There are 2 protein chains.
Amino acid sequence: MSELEEKTIRSKNIFEGRIIRVQLDEVELPNGNISTRELVKHPGAVAIMAITEEDKMVFVRQYRKPLEKTILELPAGKLEPGENPAVCATRELEEETGYRADGINHVVSVYTSPGFADELLHLYEVQGLVQGVYHPDADEFVETVELTLEKAFQRMEAGEICDAKTVTALHIWKNRKVDRK
Amino acid sequence: MSELEEKTIRSKNIFEGRIIRVQLDEVELPNGNISTRELVKHPGAVAIMAITEEDKMVFVRQYRKPLEKTILELPAGKLEPGENPAVCATRELEEETGYRADGINHVVSVYTSPGFADELLHLYEVQGLVQGVYHPDADEFVETVELTLEKAFQRMEAGEICDAKTVTALHIWKNRKVDRK
């Protein structure tokens, strides 16, 4: 597919934050024209599909500064440098919801916004939930909510569930129920 | 949900690009602590589920600089300031694939990465595809690929379909087929 590729001519660091790094690249397009690409570098993240014995999915309600609103999402978190995503997922689930899991499986990994960011989100599902101890980070404020598939779809239609990873997870959950029938 | 909110103390512009704007906010957390939030402002985007008469979905193969690779995605594009998302979707579909549509419906709108970006992606489905004229932007390089649901899932398992909007669309497509049975 090399005929679609863009060659980097030069790369300029714009911003080095705690979480993201912003970079401006000058590129040569396949037709020889020169253009710029605004790039956000992100360490990657995990999200967890956790379903209770009562067949409810576990969500967290959380304020999201970029949106200036509180939304309902899958438990999730950023990867620490070099961290194994499955280990991160297990840790984030317990920190945010208090649940521990017996087993964990990888579902899919997706780039959240390939037009400007390299963030790769790893989606996991866990089995054998056991109530552990809720202990969020000191500066993390979340509330746990458990919903049936039907109620979760209602929250999505109402706009309270409105982020890509959680909407994807709801559709995967629905598909699995059908596959099992 | 005001008990989860973060109050903005001050806001600093870091970068003003052609597409994104980067902002560093100092916030007061619900416990009174002070923290910073790295925010990427984005104009929003559209993506289109277009299914041909042969029951194949239309994808575009495109080089994505942030990932440094070529991937297979839904036709998609950024919103121009003030642009109606449905109008943008119709335009992008024709530009990138040459297809015109008879009708268009909104499926769902999702925040792609609510931890650091405000990008809202509007997903549409179109009906009555008619082959029009393929005319990408001068500096846009895309190839069209049409795949059955089964083949598309294989491409996802192989990692060539690997972005959140397209993975979501595949699961929605699969669910719809089941609902119709």
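Here, each number is a calculation from the coordinates, and none is a lab measurement. All of these numbers come straight from a predicted model, not from anything done at the bench. Cβ: placed from backbone, ideal geometry, glycine included. Neighbour counts: every protein chain shown.
Note on the protein assembly as shown: Cα convex hull, mean projected area over all directions, 18.4 nm². Here B:ARG180 yields copy-to-copy label distances, from shortest upward, of 2.6 nm, the label point defined as 7 Å from Cα along Cα to C-beta. Note on chain B: GNM, Cα springs under 10 Å; of B:GLU53, B:GLU146, B:GLU125, the largest mean-square fluctuation is that of B:GLU53.
Charge tally for B:ASP163 (other residues, Cβ to Cβ under 10 Å; Lys, Arg +1; Asp, Glu -1): +1.
For segment B:136-146, putting each phi into the Karplus relation 6.51 cos²θ - 1.76 cosθ + 1.60 with θ = phi - 60° gives couplings of x, 3, 3, 9, 10, 10, 9, 10, 8, 9, 10 Hz, in residue order, rounded to whole numbers and with x for Gly and Pro.
Could you compute the net charge surrounding A:PRO66? Neighbours are other residues with a C-beta less than 12 Å from the C-beta of A:PRO66; K and R count +1, D and E count -1. With Lys, Arg at +1 and Asp, Glu at -1, the neighbours total -1.
Distances between copies at A:GLU140, taken between label points 7 Å from Cα along the C-beta direction, are 3.9 nm in increasing order. From the largest down, chain A spans 58, 41, 31 angstrom on the principal axes of its Cα atoms. Which parts of segment B:141-181 would a label at B:ARG91 reach, counting a residue when its backbone N lies under 15 Å from a point 7 Å out along Cα-to-Cβ? Those under the cut-off are none; the list is empty. For A:HIS135, the shell of other residues with beta-carbons less than 9 Å away shows a net charge of -3, using +1 for Lys and Arg and -1 for Asp and Glu. Other protein chain C-beta atoms within 10 Å of residue C-beta, averaged over A:133-142: 2. Adding -39500 (n - 2.57) for every DSSP H run of four residues or longer, then dividing by how many residues the protein assembly as shown holds, sets the calculated 222 nm ellipticity at -7000 deg cm²/dmol. For the residues A:GLU94, A:GLU73, A:GLU26, a GNM of chain A with alpha-carbon springs under 10 Å puts the largest fluctuation on A:GLU26.
Shown is the FRET efficiency for B:THR52 and A:GLN154, computed with R0 = 35 Å from the Cβ-Cβ distance and rounded to the nearest 0.05: 0.60. Each distinct pair of alpha carbons in segment B:79-181 adds a 1/r term; the inverse of their mean, the Kirkwood radius, is 15.4 Å. Near A:ALA117, the amide H atoms lying under 5 Å from its own belong to A:VAL40; only residues 5 or more places off or on other chains count, and H is placed 1.01 Å from N. In a reduced charge model with +1 at each Lys and Arg Cβ and -1 at each Asp and Glu Cβ, chain B shows a dipole moment near 260 debye about its Cα centre. In nanometres and ascending order, the distances from the A:ASN33 label point to those of the other copies are 4.8 (point 7 Å from Cα along Cα→Cβ).
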